[in-house]
Amino acid sequence: MKTLSVSHLLGIKYLKEEDLHLIFETSIHFKEVINRPIKKVPSLRDITIANLFFENSTRTKLSFELAEKRLSADVLNFSATQSSLTKGETLVDTVNNILAMKVDMVVMRHPNPGAAHFLSKQVNSCIINAGDGTHEHPTQALLDAFSLREKFGDLSGKRIAIVGDILHSRVALSNIYALKMLGAEVRLCAPKSLLPKHIEALGVTVSFDLMQVLNWCDAANILRVQNERMKLSYFPTTREYSQAFGLTFERLNQLRKEIVILHPGPVNRGVEITSEVADSPHAIILDQVENGVAVRMAVIYLLASKLNIPIS
């Protein structure tokens, strides 16, 4: 059996191209499983997984929990707001207390960049990063790339645009790493105030002209403006942002070709994308959600196979 080159999923930048292809191959199998009348397999019936979400999440948390239950794992859900962290307990102590209950794997979302990497050095467990601050969101990038592969096949030479709040987005960074590793060309489009400095060092190009980017690309991944992470004003008004960088049906109709539209959610309808576009055949947003369960099943299964626990 092929195995991943890593024992944790901390970020796409720690993976090799072979890891991505192995995850995609395994995801295809699990996508077939979740579309059967009986959507469950007994693969991880002896594995216990703790979901530690220190930030609010709906889709990612539900997706991970469903993936774990489809694999027959025992699932423990942890709420930071109701934990001893509010009494001053450290993250490491909290996780070690959970691991003392014989938990095998930890899925963690945390507001601080590097939290998953830090934890992987401190505790004896497999860590899956479900998003760490503005750093990485590896499973989102994997499901985005998997969804694009379903549309295009090989991504080598494909032109993928990432539009929106790049500065505060962990999705953008993970997507850049994954798409570049798979041979795609990546172009970013955002107000200058929402672009990190020196981002071109990652091998991407930058444009401030949305129509130019849409005419260039084969697919566009539209990111929301993350107001909850903003301590400053990065553009004059939401209306002006939408006029310059919002994806509308009028803009799509001006193109000389059809493009694929992705969005990691949650969608701010009428800001970065209109309802007409989000609900159109151009968009594969619900495909991304479905693929997210299969991809997360694949990641969990492949990492669990590296534990000293029999899996089927």
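The values are calculated or read from the model by the stated rules, or taken from the named source; none is laboratory data. The structure displayed is predicted, hence computed values, not measured ones. Cβ atoms come from the backbone with ideal geometry, glycine included; neighbour counts cover every protein chain shown.
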Residue in the stretch 13-35 that is assigned to a loop (DSSP other than H, G, I, E, B) and crowded, with 17+ Cβ neighbours inside 10 Å present: yes
Qualifying positions in the stretch 129-158 - surrounded by 23 or more Cβ atoms within 10 Å (Cβ to Cβ) and touching a His at 6+ places or on another chain (Cβ under 8 Å): 129, 130, 131, 132
Residue 155, sole failed condition from (1) at pLDDT below 95; (2) touching a helix residue (DSSP H, G or I) at 6+ places or on another chain (Cβ under 7 Å); (3) part of a loop (DSSP other than H, G, I, E, B): (1)
Members of the stretch 118-127 found to be surrounded by fewer than 24 Cβ atoms within 10 Å (Cβ to Cβ) and either modelled with pLDDT of 95 or more or in the same structural domain as residue 220 (by TED's automatic domain parsing) (or both), listed by number: 126
Any hit, the stretch 44-55, residues being farther than 25 Å from residue 14 by Cα, outside the structural domain of residue 147 (by TED's automatic domain parsing) and part of a strand (DSSP E or B): no
Residue count, the stretch 92-111 (criterion: in contact with a helix residue (DSSP H, G or I) (Cβ under 7 Å, 6 or more places away or on another chain), assigned to a helix (DSSP H, G or I) and hydrophobic (A, V, I, L, M, F, W, C)): 2
Count of the stretch 234-278 residues which are in contact with a strand residue (DSSP E or B) (Cβ under 9 Å, 6 or more places away or on another chain) and either outside the structural domain of residue 191 (by TED's automatic domain parsing) or not in a helix (DSSP H, G or I) (or both): 13
Subset of the stretch 128-152 (residues that are modelled with pLDDT of 95 or more and among the β-branched types (Val, Ile, Thr)): 128, 139
Among the residues listed as 28, 38, the single one being of a type in the set (A, V, I, L, M) and farther than 24 Å from residue 141 by Cα: 38
Any hit, the stretch 197-219, residues being out of contact with any helix residue (DSSP H, G or I) (no Cβ under 9 Å at 6 or more places or on another chain), farther than 22 Å from residue 266 by Cα and modelled with pLDDT under 95: yes
Any chance residue 293 is among the aliphatic types (A, V, I, L, M), assigned to a helix (DSSP H, G or I) and under 14 Å from the mean Cα position of the chain (by Cα): yes
The one condition in (1) under 18 Å from residue 305 (Cβ atoms); (2) at pLDDT 95 or above that residue 46 fails to fulfil: (2)
Single condition residue 145 does not satisfy, out of (1) part of a strand (DSSP E or B); (2) in contact (Cβ under 8 Å) with a residue 40 or more places away in the chain: (1)
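Results for (1) more than 18 Å from the chain's Cα centre (by Cα); (2) surrounded by 14 or more Cβ atoms within 10 Å (Cβ to Cβ); (3) modelled with pLDDT under 95, shown as yes or no for each residue.
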site	(1), (2), (3)
161	no, yes, no
170	no, yes, yes
187	yes, yes, no
233	yes, no, yes
